[in-house]
Structure formats: structure tokens, C-alpha cells
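Here is the structure we will look at, set down as C-alpha cells.
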Amino acid sequence: MAEQVYNGFWFSPEFEYTRQCVEASQKMVTGTVFLKVYKGNVYIEGRTAPVSLYNQQLVSMDVQGDFEPTDATGFIRLNALRLREHRRVKEASEEKQ
């Protein structure tokens, strides 16, 4: 988004689409972020959210959950297929140049 603004595309269809995507992705976002500005830098000091995606029960290694490491196999294979195809197309495109 910043690059589109920098390049003068504020009123372009691409920027309008990007803006709508960002707005849609933020509809359920709630909370507050505490920032510290010091010598030209911004530091996140903390954050709170009444509704959060973070779930201590899901991320804890101390809690027995429903996740089985073998469940990731399909996900890994599916993404590997997509990434291999992307590499193949990219390499074919570079060979033509």
C-alpha cells in the first residue's frame, strides 16, 4: 500500500481494491496497541484485545489438544505442490528471457 501511495496511485483502481481488502480484513479487529516513540523509532510496548485469535489452550505445549503432527502432512504436501509449480513457471519464464 505504501508503495502504491509513493508511486502516486492513490486514486487508481489498484489502490481502491487494496484499500477495500484492508478494510474488509480489519472489520473484526478490536483492541488497543501501546506504542513508545523514541529517537525516530516506534516500539510496541503492549497490546490488549477484548476479542483475540490468540488462544493459550491451542498454543500451549502443556495442554493435550486435538492436534496430531501427522495432521500437517496434507497441508505440507498441498503447499509444496503450489510452490513447486510456482518455481517451475518462474524458471520457464526466466529461460525465455
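Shown for the chain: the carbon plus sulfur share of the solvent-accessible area, taken with all protein chains present and a 1.4 angstrom probe, equals 58%. Looking at the chain, the pairs of alpha carbons with a distance over 16 Å make up 80% of the total.
In percent, rounded to a whole number, the relative contact order of the chain is 13, using alpha-carbon pairs under 8 Å and six or more apart.
The helix-only estimate of mean residue ellipticity at 222 nm for the chain, built from DSSP H runs of length n ≥ 4 each weighted as -39500 (n - 2.57), is -15000 deg cm²/dmol after division by the residue total.
The values are calculated or read from the model by the stated rules, or taken from the named source; none is laboratory data. Bear in mind that the values here come from a model prediction, so they are computed numbers and not experimental data. SASA here: full protein model, heavy atoms, side chains in, ligands and nucleic acids out. Shrake-Rupley method; radii C 1.70, N 1.55, O 1.52, S 1.80 Å.
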